[in-house]
Ligand SMILES: NC(=O)c1ccc[n+]([C@@H]2O[C@H](COP(=O)([O-])OP(=O)(O)OC[C@H]3O[C@@H](n4cnc5c(N)ncnc54)[C@H](OP(=O)(O)O)[C@@H]3O)[C@@H](O)[C@H]2O)c1
C-alpha cells in the first residue's frame with residue numbers, strides 16, 4: 001500500500017511509519033524539522049514537510065503528491081496544551097489546538113481526496129482521543145484539547161457519511177494512553193502496543209466499521 005502518515009517524526013506517528021515500512025509498504029511521513037526528515041530518510045521512509053497550522057503548507061503537500069495514489073492516510077499529528085484548569089485557558093492555545101487537531105486534518109483530507117480515490121484501499125484514519133469524548137468526560141478540564149478532539153470526531157463522522165458513496169472508509173481511534181512526549185513516562189502502554197492495535201483496527205476498517213469511534217483494542221467508545 002501507499003501510506004501517508006502525518007506527524008511521523010516521533011511518538012505514535014514514527015512507530016506507525018516504522019511498522020508499515022517494515023511490512024514493505026511505501027510510506028510517506030510528514031515532518032516539520034530537518035532533524036526528523038533525516039531520521040525518517042535513514043529508515044528509507046520518504047519525508048515531506050507539513051505544518052498543519054498553515055493552509056499553504058497543506059496545499060503545497062497536495063501539489064507535491066499530485067497524481068500519486070494513496071491507499072491509506074493516517075491523520076496522526078496533534079498537540080496538547082496543558083490547560084488542565086479553567087483559569088489556564090488561553091485563546092491562542094485554544095485556536096492552535098483547533099488548527100492542528102481538527103481543521104488541519106480536515107483540510108489535508110480534502111486536499112488529498114483525489115489521491116485517496118486513486119488508491120485501492122481508500123482508507124482515511126484519524127488518531128483522536130478519548131479526551132474528545134463528551135460522554136466519557138467525568139474529570140473536566142483540558143478545554144482546548146478536549147474541544148479540538150471532539151471537533152475532530154465530528155469532522156471524521158461527516159467525512160464517513162459524505163465519502164461513503166465514493167467507497168472511502170473512515171476510522172476514528174483513541175490510541176490508548178501512550179508513552180510519548182505527549183503521553184509522558186507514566187502512560188500505560190508503549191508505542192508498539194498502541195500501534196499493534198491501531199494497525200489491526202485499520203486492517204479491519206470496512207463499510208460497517210466506517211464512522212465508528214474505537215479504542216485501539218477495538219472497544220467502541222462513547223461520543
Ligand atoms: N500519547 C497519548 O497518550 C495520546 C493519547 C490520546 C491521543 N493521542 C493522539 O495521538 C496522536 C499522536 O500523539 P503522540 O503521543 O505521538 O504525540 P507527540 O509525541 O507529541 O507527537 C506529535 C506529532 O505531531 C506533530 N505535530 C505537532 N504540531 C504539528 C503541526 N502544526 N503540523 C504538523 N505536525 C505537527 C509533531 O511534529 P514535531 O515533531 O515537528 O513537533 C509530532 O510528530 C496525536 O493526535 C495525539 O493527540 C495521544
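If the label point is 7 Å along Cα→Cβ of residue 110, which residues in region 26-55 have backbone nitrogen under 16 Å from it?
Residues passing the 16 Å test: 52-55.
Angle, helix 11-22 long axis vs. longest principal axis of the chain, Cα atoms, 0 to 90°, nearest 10?
With both axes taken from Cα atoms, the answer is about 20 degrees.
Can you tell me which of 147-153, 180-186, 38-44 comes out highest on packing, and rank the rest after it, using the mean Cβ neighbours within 10 Å?
Packing proxy ranking, top to bottom: 147-153, 38-44, 180-186.
Could you tell me how many degrees, from 0 to 90 and to the nearest 10, lie between the Cα long axis of helix 55-64 and the main elongation axis, the longest principal axis, of the Cα atoms of the chain?
Once rounded, the angle reads 20 degrees.
Give the percent of DSSP beta bridges with both residues in the chain that are antiparallel, rounded to the nearest 5.
If I count the DSSP bridges inside the chain, around 5 percent turn out antiparallel.
Tell me, 139, 144 in order of fewest to most beta-carbon neighbours within 10 Å?
139, 144
Using a ≥ b ≥ c from the Cα gyration tensor of region 26-71 (square roots of the eigenvalues), is it rounded, prolate or oblate, where a/c under 1.5 gives rounded and otherwise the larger of a/b and b/c decides, a/b for prolate?
oblate
On full extension of the chain, what length is gained from residue 208 through residue 223, given 0.36 nm per residue of separation minus the C-alpha to C-alpha distance?
Working it through step by step, the gained length comes to 3.7 nm.
Give the angle, between 0 and 90 degrees and rounded to the nearest 10, that separates the Cα long axis of helix 191-204 from the longest principal axis of the Cα atoms of the chain.
60 degrees
Report the full-extension gain for the segment residue 38 to residue 118: residue separation times 0.36 nm, less the Cα-Cα distance, to one decimal in nm.
Once the chain is fully extended between residue 38 and residue 118, it gains 25.9 nm.
Highest mean first, what order results for 107-118, 78-89 on Cβ atoms within 10 Å?
107-118, 78-89
Got a sec? How would 36, 174 order by Cβ neighbour count within 10 Å, fewest to most?
Going from least to most buried by this count: 36, 174.
Under a GNM of the chain (C-alpha, springs under 10 Å), which listed residue has the highest mean-square fluctuation: 170, 134, 178?
Result for the chain, Cα springs under 10 Å: 134 fluctuates most.
Which of rounded, prolate or oblate describes the chain when judged by the alpha-carbon gyration tensor and an a/c cut-off of 1.5?
rounded
Only the coordinates and a few stated rules stand behind these numbers; no lab work does. None of these values were measured; they are calculated from a predicted model. As a convention, Cβ positions derive from the backbone with ideal geometry for all residues, glycine included, and neighbour counts pool all protein chains shown.
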